[in-house]
Amino acid sequence: MRDIQTVTEKWRFHCLCCLHAWEDLYEVRHCGHATAWQLGGLPAQPPWADPICPECHSLRVKAITAGLMAHPGPT
């Protein structure tokens, strides 16, 4: 059985069109070579995969990791 490591990552986003900025917390589960991302408890694409601005709906968004918080023990 493989161990599953779960971490929470904070990502910052900046829209290059309307200059809106925001942050989201993603839960990332690593199991061997597989990685699963969740946002708000739902499956999600990685934060760098085509983020969309919630204000102007532009695809011209920069995603920058803002930090990592490890969860204690396997889940």
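The values are calculated or read from the model by the stated rules, or taken from the named source; none is laboratory data. Keep in mind it's a predicted model, so treat the numbers as computed, not measured. Every residue, glycine among them, receives a Cβ derived from its backbone with ideal geometry; neighbour counts consider all protein chains shown.
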Within segment 22-35, of all residues that are within 16 Å of residue 67 (Cα to Cα) and not β-branched (Val, Ile, Thr), the one surrounded by the fewest Cβ atoms within 10 Å (Cβ to Cβ) is 23
Only one of 38, 45 is within 10 Å of the chain's Cα centre (by Cα), loosely packed, with under 14 Cβ neighbours inside 10 Å and at pLDDT 95 or above, namely 45
Pairs returned, first residue in segment 20-46 that is in contact (Cβ under 8 Å) with a residue 24 or more places away in the chain, second residue that is among the small types (Gly, Ala, Ser), beta-carbon separation under 7 angstrom, 6 or more apart or interchain, are 23/66; 29/36
